[in-house]
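First the structure, in the form of structure tokens, and then the observations on it.
The values are calculated or read from the model by the stated rules, or taken from the named source; none is laboratory data. These numbers come from a predicted model, not from an experiment. No Cβ is skipped: glycine too gets one built from the backbone with ideal geometry, and neighbour counts run over all protein chains shown.
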Amino acid sequence: MKISKAQKEKNRRKIILAAVDLFSEHGFDNVTMKQIAKSAEMADSTVYKYFATKDKFLFAFHELMILDAVKGCRKAKAYDGFDLQEKIQFFLDLYLESLLNHREFVGDSLSMLMGTPLSGINRRFPARADLTALMTEALDQAIEREEIPEFPYREAITHLMTDALLGVVLFWLKDDSEEFHQTTQMVDMSLSLLVTFLRSGLIGKVNDMATFVIKSQMIRFIEDGSLISNLMNVRNLAKLGRAGGGLGRDAV
């Protein structure tokens, strides 16, 4: 019997959540496809139609959580009235909240996925397109409302914002502060830095090396715990550049 697209999506979600519950309780290596089928109350053959191998769940879970957060943004009545920083913050809040109940599995799954080539992740991670579209719309609306000026490299900045999501999750996984206060502080300062740069017009004065530097330094800051203090320094530098109309030689 042919089933509808909506029913397929419902079945897929049910299987993913059943699998992740088992992974969180017993560990990824200790769970079988048969156990997943039983927990999802579906036939073994049905589960295999959606997921040929167990490792497919690693991508599927993260994709589902991102898509849920994107949909949550689009459904929220207040979302369109938010400014750029509030929109990104709202998405991050929804996304991290969805990961909270499976935090240990999130860490384990990312550790396993880290060995996957970036090109492979992009091909197997279609939710990236939905997230990129959401970020692009947020930037376009911010420009239209004159929150920020027009700027070059918009596509590159959008992809950088999308890539930065991994850095936020990695920081959150290492955060043992009460109610993840350090993650909240890091996100607030990072978004403030982003908006400050966009408002300053400095984006048009940097070259393609900026993307490489930001990504590489993000990982180093996360590892040595200096991310927040360095964000404060960079944000102050951006504000200085904005006030002075750009970064001259004396400011560098």
Quiz item: With respect to Glu86, is the statement that it is assigned to a helix (DSSP H, G or I), at pLDDT below 95 and either in contact with a Phe, Trp or Tyr (Cβ under 6 Å, 6 or more places away or on another chain) or surrounded by fewer than 19 Cβ atoms within 10 Å (Cβ to Cβ) (or both) true?
Solution: no
Quiz item: Out of the stretch 145-161, which residues are without any contact (Cβ under 8 Å) to a residue 40 or more places away in the chain and over 15 Å from Val195 (Cα atoms)?
Solution: Glu155, His159
Practice problem: Output the helices (runs of 4 or more DSSP H) that fall wholly within the stretch 133-246 and possess 1 or more residues being surrounded by fewer than 17 Cβ atoms within 10 Å (Cβ to Cβ), among the basic types (Lys, Arg) and at pLDDT 90 or above, or say none. | Solution: 154-174
Practice problem: Can you give me the number of residues within the stretch 18-31 that are part of a helix (DSSP H, G or I) and surrounded by 16 or more Cβ atoms within 10 Å (Cβ to Cβ)? | Solution: 8
